[in-house]
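Pasting a structure below so you can have a look.
The values are calculated or read from the model by the stated rules, or taken from the named source; none is laboratory data. Source: prediction; values computed, not measured. A quick note on method: Cβ atoms are made from the backbone with ideal geometry, for glycine too, and the neighbour counts reach across all protein chains shown.
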Amino acid sequence: MKNVLVLGGTGFLGRHVCEKLHRQGWRITVPTRRMANAAPVQHLPRVTVIEADVHDPGQLLRLLDGHDAAVNLVAILHGGEADFERVHVELPLSLAEACTADGQCRLVHVSALGASLDGPSHYLRSKARGEEVLRASALQLTILRPSVIFGDGDRFLNLFARLQAGLPIVPLACAGAQFQPVWVEDVASAIVASLIDQGLPMSSIGQTFECAGPEIFTLAELVRLAGRLGSRQRAVLPLPGFLARLQAAVMERLPGEPLVSRDNLDSMSVDNVATNQWPGLSSLGIEAASLRTIAPTYLGHRGGRSRLLDFRYSARR
């Protein structure tokens, strides 16, 4: 039985990764800043939750002791340049150094579709620098670049549905931005496949894979789809650039995590779709699921069709 350290294991994607690894017989260690955050994975018998600060290199090295592999899912969408640098660059660097010191550790790192050193946003540039520091190491490394991830419990389609339940109209920045959404179960399967690496069309070691669904949508189309499947569909009002930035600037100053930031707008100035520069999910033996097929199972009324899709979901787990 192998041991894996999952950074970010208490998050949306992390919960699915832990469940799949548990089913494969792995022992999983999940560090968290607060034990209360780990409730979604604590029920899994082979998951051990440890309260720790993964940004502390010394603690990270101790966490890796006795593990065969590590998965890094830690990321942020909002913050200043220093915040993105700390999470997307400094943490991967510390992880690479810890894995190298450990000797035999294999690493799967989740980056982002569109990551580029000359990208338009702090988010995309920092994601690319994180990849760069990992590739400079001598690790057994696999990098996954997902598009926006959807699924039951996401903060993506569910957010669009909730907004339309309470607003008479949806003022939308970057309405024409394109996305190629990927199901959370498919990304989790890609992570597990990268760790196991048996019977695949190609070895995942040293590879970068783009994780994208089979369909491309504009942001406005996704908002309308979420409204139609959720409580109600509202009219979408595309905002011109200057109003979009004003809206984002105001939201950044509100308490809590903003719905949108100016850095998010910068990220959406480039389409979030597969480039085919890297192999895709099919190279890992995964047939990407359609958002149009999956979204009704958690946004709409759960009728007979949804229950049939649940059987498909269970079979893929």
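Counting just the residues of region 25-38 that are within 22 Å of the chain's Cα centre (by Cα) and loosely packed, with under 12 Cβ neighbours inside 10 Å, which one comes out nearest to residue 7 (Cα to Cα)?
34
Could you check, for region 254-273, whether at least one of its residues is closer than 24 Å to residue 190 by Cβ, out of contact with any helix residue (DSSP H, G or I) (no Cβ under 8 Å at 6 or more places or on another chain), modelled with pLDDT of 95 or more and not acidic (Asp, Glu)?
yes
Results for (1) touching a residue at least 40 places away in the same chain (Cβ under 8 Å); (2) at positive phi; (3) crowded, with 18+ Cβ neighbours inside 10 Å; (4) among the β-branched types (Val, Ile, Thr), shown as yes or no for each residue.
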| position | (1), (2), (3), (4) |
| --- | --- |
| 166 | no, no, no, no |
| 178 | yes, no, no, no |
| 189 | yes, no, yes, no |
| 195 | yes, no, yes, no |
| 210 | yes, no, yes, no |
| 213 | yes, no, yes, no |
| 216 | yes, no, no, yes |
| 250 | no, no, no, yes |
| 264 | yes, no, yes, no |
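On the basis of being closer than 21 Å to residue 21 by Cα, modelled with pLDDT of 50 or more and in a helix (DSSP H, G or I), does residue 283 make the cut? Give the derivation first.
Working: closer than 21 Å to residue 21 by Cα: yes; modelled with pLDDT of 50 or more: yes; in a helix (DSSP H, G or I): yes.
So residue 283 passes the test.
Residues being part of a helix (DSSP H, G or I), in contact with a strand residue (DSSP E or B) (Cβ under 6 Å, 6 or more places away or on another chain) and within 20 Å of residue 113 (Cα to Cα): count how many of those fall in region 199-248.
Looking only at that region, the number is 1.
For residue 271, indicate whether it is out of contact with any Lys or Arg (no Cβ under 7 Å at 6 or more places or on another chain), surrounded by 15 or more Cβ atoms within 10 Å (Cβ to Cβ), more than 14 Å from residue 218 (Cα to Cα) and of a type in the set (Asp, Glu).
no
List the number of the failed condition for residue 277; all other conditions in (1) closer than 17 Å to residue 83 by Cα; (2) surrounded by fewer than 17 Cβ atoms within 10 Å (Cβ to Cβ) hold.
Status for residue 277: all satisfied but (1).
I need the full set of residues from region 26-45 which are part of a helix (DSSP H, G or I) and not polar (S, T, N, Q), in order please.
35, 36, 38
Residue-wise test of (1) surrounded by fewer than 21 Cβ atoms within 10 Å (Cβ to Cβ); (2) modelled with pLDDT of 95 or more; (3) closer than 22 Å to residue 69 by Cα.
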position	(1), (2), (3)
84	no, yes, no
92	no, yes, yes
108	no, yes, yes
116	yes, yes, no
130	no, yes, yes
147	no, yes, no
158	yes, no, no
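Now for a separate question. Scan 308, 246 and give me the residue that is over 21 Å from residue 155 (Cα atoms), at pLDDT below 95 and aliphatic (A, V, I, L, M).
Criteria check complete, one pass: 308.
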